[in-house]
Each structure stands twice: as C-alpha cells, then as structure tokens.
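J.: One structure is given below, represented as structure tokens, and several questions about it will come after.
The values are calculated or read from the model by the stated rules, or taken from the named source; none is laboratory data. These numbers were taken from a predicted model, which means no experiment stands behind them. With ideal geometry, Cβ positions are generated from the backbone for all residues, glycine too; neighbour counts draw on all protein chains shown. Please note that ligands, DNA and RNA were not included when accessible areas were found on the heavy atoms of the full protein model with its side chains. Shrake-Rupley method; radii C 1.70, N 1.55, O 1.52, S 1.80 Å.
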Amino acid sequence: MTRINRLQHAALAMVVMLLGACASTPPPPLPQSSPQSALDGPVRALMDREQVQGLAMAVIRNGQVRQLAVYGYQDVASGIPLRESSVLAAASWTKTAVAYRVLQLADQRRLDLDAGPTSILRNPLPQYQRADADYSDLKADARWRAWSPRILLTHGSGLANFRHFEPDGRLRIHFDPGTRYAYSGEGYQILQFMLEQGLGLRLARTMEREVFTPLGMLDTSLVWQPRYALRAATGYDAQGQAQPFDQRPRADAAGSMASTIADQARFWAALVRGDGLSQWARSELVRPQRVIATPHQFPTLTEDLSAPYAAIGLAAGLGVITYQGPAGQVWFKGGHDVGTGNLAVCVEATGDCVVMMSNDVRAERIYRDITRQVLGDIGFPWRWEYGWLSPDP
C-alpha cells in the first residue's frame with residue numbers, strides 16, 4: 001500500500017468513526033398498553049361522567065415512558081376502538097414541536113433567536129403578498145421589525161390568535177411586540193414563513209427529517225398522509241357531534257401535526273431528557289421568558305392584566321408554559337380544536353409527565369382529575385388553561 005493510499009485509508013476510517021459517533025441513538029422501546037392499570041377504573045368512570053368517546057394517555061417517569069393506555073373509540077358509529085396506532089390531531093402541540101426544531105437551528109448557529117425579520121428575510125416582510133402569505137397589511141406599522149423567533153415563540157407578537165378573528169380579517173398589531181403575552185397562532189405562522197423564506201427550509205420536510213425520524217415518531221407528520229386513512233380518529237365536539245379528521249394538505253406551524261399517542265409519548269419524554277438539544281437549548285425551552293398577566297388563556301387579547309398568577313410565576317417558555325408549584329417547576333402545553341382536546345404536563349425536578357390526547361373535546365373536563373391521579377397536587381393553573389372550568393372544590 002502506497003503512502004497516499006495509507007493516508008486515504010486512514011482518512012476514510014476517521015470519517016466512518018465520526019459518522020458512527022454522530023449517529024442518533026435509537027429511541028427506547030415503549031411499554032405495551034396494560035389493561036390492568038390502576039388508572040383504568042378512575043379514567044373510565046371520568047369518561048362516562050363526561051361522555052368522552054376516546055382518550056389516549058401516557059405516563060412518563062424520570063424521563064422514561066412507563067405506561068400507555070387507550071380507552072373508548074376511534075370512531076363510535078362504526079365501533080372501531082381507539083388504539084395506540086390511531087392517528088389523532090395534535091393541534092397546538094405542533095407549536096412545541098416547532099419550537100424544538102427552532103432550538104436545534106439555534107444550536108447549529110443557523111438561526112439567532114433574537115434576530116428580526118430584516119436579518120432573516122431577503123425583503124421587508126410587508127413586501128410579501130402571496131395568496132397564502134400576505135403581509136402587506138403591515139406597511140404602515142414598522143413594529144413588525146421587532147418580531148424575533150423568541151418573541152414569536154413566546155406569544156409576544158401583539159397579533160390576534162389568527163387574522164381571521166379580526167373584524168376585517170386583516171393583520172393588526174395590538175401592542176408593542178415583546179411587551180406582553182397574548183396567544184397567537186398567527187405569530188407561529190409568521191415564524192414558519194421566516195424559516196421557509198429566509199433559511200430555505202420546508203417545514204414539513206425538516207420536521208420529518210430532523211425531529212420525527214430521529215425521535216422514532218414514524219407516525220407523525222405536519223401534512224396528511226394516505227397511510228392514515230384507516231387509522232384517523234373521528235373527532236367529537238362539545239355536544240358530542242362527530243367531526244371529520246382535518247386532513248391538512250399544507251404544513252402549519254400553529255397546529256397541523258397529526259400523530260399517535262405512542263409517538264407523542266416519545267416526544268414528551270425526549271423533551272424531558274433534552275434529547276437532540278444542547279444543555280443551553282434545553283434550558284431555554286422551559287425557562288420563563290414572558291410573564292403572563294391575563295386571568296385566562298382565551299380570549300387572547302383581553303384587557304384584564306390583573307396578573308392573578310404572579311405568585312406562581314406563570315410565564316411562557318419556548319413553545320410551552322411554565323410555573324412554580326408545590327413540586328417545583330412545572331411546564332405544560334395544551335392542544336385544542338373543535339373535536340380535539342390534548343394536554344401534556346411535566347414536572348421538571350422528577351421528569352414525570354402525563355400526556356393526554358383525545359378525539360373528544362369534552363376530555364378537557366376530566367384532565368384535572370387525571371393529572372392529580374398521576375402527578376398529585378402540583379398547583380396547576382386550571383382556570384387559566386381552561387377559562388370555563390369551575391374553580392377547585
């Protein structure tokens with residue numbers, strides 16, 4: 001072997017070694033759903049009380065998935081039971097997944113969390129007037145220049161939840177960006193536009209390659225997949241009326257993710273452990289970054305800033321909400337639509353979580369009781385998350 005060949009061979013060996021070191025560790029296997037869980041009786045009784053048609057849940061202990069359970073129906077009319085492989089709408093859990101990807105980009109120094117649109121986009125934001133992304137309404141209000149990824153991820157944009165909630169359907173900035181909290185899916189859609197236009201990403205593709213596949217979430221996507229057809233759960237609204245599964249043809253950072261309870265168990269456990277993130281990025285995810293002064297999450301632009309949860313430090317992290325309770329720091333995220341009710345709650349000190357996913361919005365009425373069964377009294381701000389919920393007895 002010549003000296004040149006020896007050098008080439010050594011270089012090739014080094015590349016192989018480095019690739020092996022960089023390969024992502026396969027996600028741990030999930031436990032099988034147990035029909036003998038101590039939670040079964042209480043959960044079924046709660047579901048019967050509120051006429052909840054379907055519920056899937058996971059229990060995470062110390063960052064590891066310890067239990068999966070499914071109850072009720074994927075579709076009541078046909079009698080199809082809900083299964084671990086049933087596909088449900090993840091709704092606003094999409095925002096947490098997108099925040100995770102943004103933090104990866106920050107780790108890779110491809111994105112500055114505090115950079116404004118003028119640093120990310122080629123043109124000023126109001127110059128974009130595409131049919132699916134028209135920002136010309138902002139021409140007379142230069143405050144859009146303050147919209148950094150951090151401000152958008154923490155719901156500090158000053159926008160309504162979506163522009164279609166405005167009386168005239170046009171974008172409007174209601175307060176100086178970064179000065180307060182007001183939940184806005186529109187802000188997440190603007191962040192998606194910045195990622196796609198400025199970084200050249202396609203959200204559905206980058207989420208699949210860099211988030212879902214590495215974490216073993218092979219039944220999760222931001223767009224409808226034909227393979228979901230026989231597994232997509234029918235939704236049920238507050239009156240129990242069936243709602244067809246929303247087959248999203250385009251990725252939407254605000255809420256288009258479809259997933260299974262098995263995949264969501266993997267995702268929330270990965271967040272607890274900090275898989276795929278630097279120590280800095282993981283701490284940024286749950287660090288309180290924007291104080292929440294409103295008594296309820298919705299309506300989003302309430303003028304009541306009485307700050308009833310100041311004592312627990314209720315605040316927005318990046319894609320999650322955080323507070324201090326009897327068990328220390330707790331962080332959580334809900335997901336809601338006309339036929340969807342999801343909630344994930346995690347205790348930072350213990351790495352314990354309960355992940356609840358339902359194709360029936362009435363499930364939100366029983367999440368307080370289930371959370372207490374799994375995590376104990378953690379001082380959760382139930383009236384902020386669900387403004388309609390009655391106070392604690």
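Per-residue answers, yes or no, for (1) over 27 Å from Met207 (Cβ atoms); (2) under 19 Å from the mean Cα position of the chain (by Cα); (3) crowded, with 20+ Cβ neighbours inside 10 Å:
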position: His164; (1), (2), (3): no, no, no
position: Asp168; (1), (2), (3): yes, no, no
position: Ile173; (1), (2), (3): yes, no, no
position: Gly178; (1), (2), (3): no, no, no
position: Tyr188; (1), (2), (3): no, yes, yes
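J.: Could you list, in sequence order, all residues of the stretch 261-283 that are touching a residue at least 40 places away in the same chain (Cβ under 8 Å), out of contact with any helix residue (DSSP H, G or I) (no Cβ under 6 Å at 6 or more places or on another chain) and of a type in the set (Gly, Ala, Ser)?
T.: Scanning the stretch 261-283 gives Ala262, Ala265, Ala269, Ala270, Gly276.
J.: Ok, one more. Quickly run through the stretch 334-385 and pick out the residues that are of a type in the set (Ser, Thr, Tyr) and buried (at least 22 other Cβ atoms within 10 Å of the Cβ). Outline the logic, then answer.
T.: Here is the first cut: in the stretch 334-385, the ones of a type in the set (Ser, Thr, Tyr) are 340, 350, 358, 367, 371.
Across the stretch 334-385, the qualifying residues are Thr340, Ser358, Tyr367.
J.: I would also like to ask the following. Report yes if Leu215 is over 24 Å from Gly317 (Cα atoms), of a type in the set (A, V, I, L, M, F, W, C) and out of contact with any Leu (no Cβ under 6 Å at 6 or more places or on another chain), otherwise no. Lay out the reasoning, then the answer.
T.: On the way: over 24 Å from Gly317 (Cα atoms): no; of a type in the set (A, V, I, L, M, F, W, C): yes; out of contact with any Leu (no Cβ under 6 Å at 6 or more places or on another chain): yes.
Against the criterion (over 24 Å from Gly317 (Cα atoms), of a type in the set (A, V, I, L, M, F, W, C) and out of contact with any Leu (no Cβ under 6 Å at 6 or more places or on another chain)), Leu215 does not qualify.
J.: Further question: Could you tell me which residue of the stretch 226-272 is farthest from Leu68 (Cα to Cα), considering only residues that are part of a helix (DSSP H, G or I) and open to solvent by 10 Å² or more (accessible area, probe 1.4 Å)? Show your work before the answer.
T.: Narrowing the stretch 226-272 to residues part of a helix (DSSP H, G or I): 226-228, 261-272.
Add one more test, that the residue is open to solvent by 10 Å² or more (accessible area, probe 1.4 Å), and what stays is 226-227, 262, 266, 272.
Numbers: Pro226: 25, Arg227: 22, Ala262: 7, Arg266: 11, Val272: 17 Å.
Among those residues, the one meeting the criterion is Pro226.
J.: Also: Go through the stretch 102-118 and give me each residue that's open to solvent by 10 Å² or more (accessible area, probe 1.4 Å) and either in contact (Cβ under 8 Å) with a residue 40 or more places away in the chain or not in a helix (DSSP H, G or I) (or both).
T.: First, pick out the residues of the stretch 102-118 that are open to solvent by 10 Å² or more (accessible area, probe 1.4 Å): 104, 106-112, 114-116, 118.
Residues satisfying the conditions are Gln104, Ala106, Asp107, Gln108, Arg109, Arg110, Leu111, Asp112, Asp114, Ala115, Gly116.
J.: From the set of residues in the stretch 131-161 that are modelled with pLDDT under 95 and of a type in the set (A, V, I, L, M), which is surrounded by the most Cβ atoms within 10 Å (Cβ to Cβ)?
T.: Here is the first cut: in the stretch 131-161, the ones modelled with pLDDT under 95 are 131-133.
After this cut, where a residue has to be of a type in the set (A, V, I, L, M) as well, the list is 131, 133.
Values: Ala131: 5, Ala133: 14.
Only one residue tops the list, namely Ala133.
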